[in-house]
Amino acid sequence: MRDDFIKPINPPPGSSTAIEEEILQPGLNKEISKTPRTMQSQQPPEIQPEIDHTNKNFKGQQKHEHIICFTRKHWIVLAPYFVGLILISSGLAVFFMSGFHKSLAVLMSPIAYRVVALGVIIILTYYFHRFFVRLFNYYLQTIIITNFRVVCLEMTLYFNNVRDSMDLHEIQDVVIHQEGVIKTLLNFGEVTITMSSSSNATKLLRYLPNPEYYFRKINKCKREYISARRQVKADETTK
Amino acid sequence: MACPAKFSYNQIYFKSTVMTTVWIFFLILHLVSIGFAGLTIWRLYYYIRRYRFSETKYTLLFGFVHLHWIAISYVALAFTWVVSSFLIMTFL
């Protein structure tokens, strides 16, 4: 596949303003989309640095592949961990503040008491590390939209490194699901991407924050990618 | 002459052995804990320095929590937990 003919779409890829401007001012990019495609193509293209091993944003990034935007899952996926942490912290606070540990010390011999305390400390240490590793994994698991494809990085710090990419020109359909009170109030949902391959494979992007934005962004990138491919093919045939 | 002490020699030996074992386990636990925290931070920073993202308030946790803050709190809490668990084991 040729990968050097696609031009970056507006606003500049990878920049935070691309996301902020469109979310804060939803009508801002409408002007761009309303302008004829020929006018858009007359705009001077942004000069993007070539991607090499020094400025890659993710493993497997191609030479002329630039990030349009990226996201992580909605914070609701971390809610069970935070609830567990709050419950354990409050349980420990109640245990020590109520003086229950003193009555427990009377009931048990000092040795047995320290053995039990060591067991509890081992469990809490494990939980403490597990909580933070999950937080770090949350930051590493990203969904990236580039000018070529949609990449899902299911990366963890230990033992897991799954990358799933969907080429934009192979995307047949994008469906957004945002049903229920909680999803609507907290503004997250699912985006299902159906591929045009023979297997009709689908990819479900779960717990996506602001799914409407990414739904529009994927469709927009797909349109621009396909039109650029057609343009290149047309140029090649005329030559 | 028989020992008039409250505990027999065997009981004292048993107690000291158990307590020594408990403290050895405690020491190993926290060595592993600190080592694991160090390894985790090393792996995390190795990855995020190699593959960088320009973060925005839309990509951060709750819109403002930076990954560096969590990493710093992780290291700080790992050491705090060693001290506090030592105090629990000593003064309970």
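Read-outs throughout are calculated quantities, based only on the coordinates presented, and are distinct from any laboratory measurement. Just so it is clear, the structure is predicted and the values come from calculations on it, not from any experiment. Ideal geometry is used to build each Cβ from the backbone, glycine not excepted, and the neighbour counts take in all protein chains shown.
Can you tell me which of A:84-97, A:211-224, B:63-76 comes out highest on packing, and rank the rest after it, using the mean Cβ neighbours within 10 Å?
For the peptides A:84-97, A:211-224, B:63-76, the packing ranking is A:211-224, B:63-76, A:84-97.
Across peptide A:129-141, how many C-beta atoms of other chains are within 10 Å of each residue C-beta, on average?
Mean shielding count: 5.
In whole Å, what three semi-axes, largest first, describe the equivalent ellipsoid of region B:10-92 built from its Cα gyration tensor (square root of 5 times each eigenvalue)? Walk me through the intermediate numbers first.
Values: eigenvalues 324, 40, 8 Å².
The equivalent ellipsoid of region B:10-92 has semi-axes of 40, 14, 6 Å.
Dividing the Cα convex hull volume of region A:59-129 by residue count, how many Å³ per residue is that?
That works out to 115 Å³ per residue.
Rounded, prolate or oblate: which one fits region A:191-239, using the alpha carbon gyration tensor with axes a ≥ b ≥ c (rounded when a/c is under 1.5, else prolate when a/b beats b/c, else oblate)?
In terms of gyration-tensor shape, oblate.
Among B:12-22, A:123-133, how do they line up by average Cβ neighbours within 10 Å per residue, starting with the highest? Write out the running numbers ahead of the final one.
Working: B:12-22: 12.7, A:123-133: 16.3.
Highest mean packing first, the order is A:123-133, B:12-22.
Show me the trypsin sites (Lys or Arg not before Pro) within region B:41-76 that DSSP assigns to loop and that have at most 15 other Cβ atoms within 10 Å of their Cβ.
When the trypsin sites (Lys or Arg not before Pro) of region B:41-76 are filtered for loop state and at most 15 Cβ neighbours within 10 Å, B:Arg52, B:Lys57 remain.
Can you give me the distance in nm between label points at A:Lys239 and A:Val181, each placed 7 Å from the Cα along the Cα-to-Cβ direction?
Here the answer is 6.1 nm between the modelled labels.
Over all directions, what mean area does the Cα convex hull of region A:84-200 project, stated in square nanometres?
Dividing the Cα hull surface by four gives the mean projection, 12.3 nm².
Calculate, for A:Ser90 and A:Arg216, the FRET efficiency according to 1/(1 + (r/R0)^6) with r their C-beta to C-beta distance and R0 56 Å; round to the nearest 0.05.
Numbers: r = 42 Å, r/R0 = 0.76.
Efficiency, from the Cβ-Cβ distance: 0.85.
Of the cross-linked pairs A:Lys56/A:Lys183; A:Lys73/A:Lys217; A:Lys63/A:Lys239; A:Lys183/A:Lys203; A:Lys63/B:Lys57; A:Lys183/A:Lys217, which ones have a Cα-Cα span greater than 24 Å in the structure shown?
Checking Cα-Cα distances, A:Lys56/A:Lys183; A:Lys63/A:Lys239; A:Lys63/B:Lys57 exceed 24 Å.
Compute the FRET efficiency between A:Lys102 and B:Val83 as 1/(1 + (r/R0)^6), taking r as their Cβ-Cβ distance and R0 = 25 Å, and round to the nearest 0.05.
Calculated transfer efficiency: 0.70.
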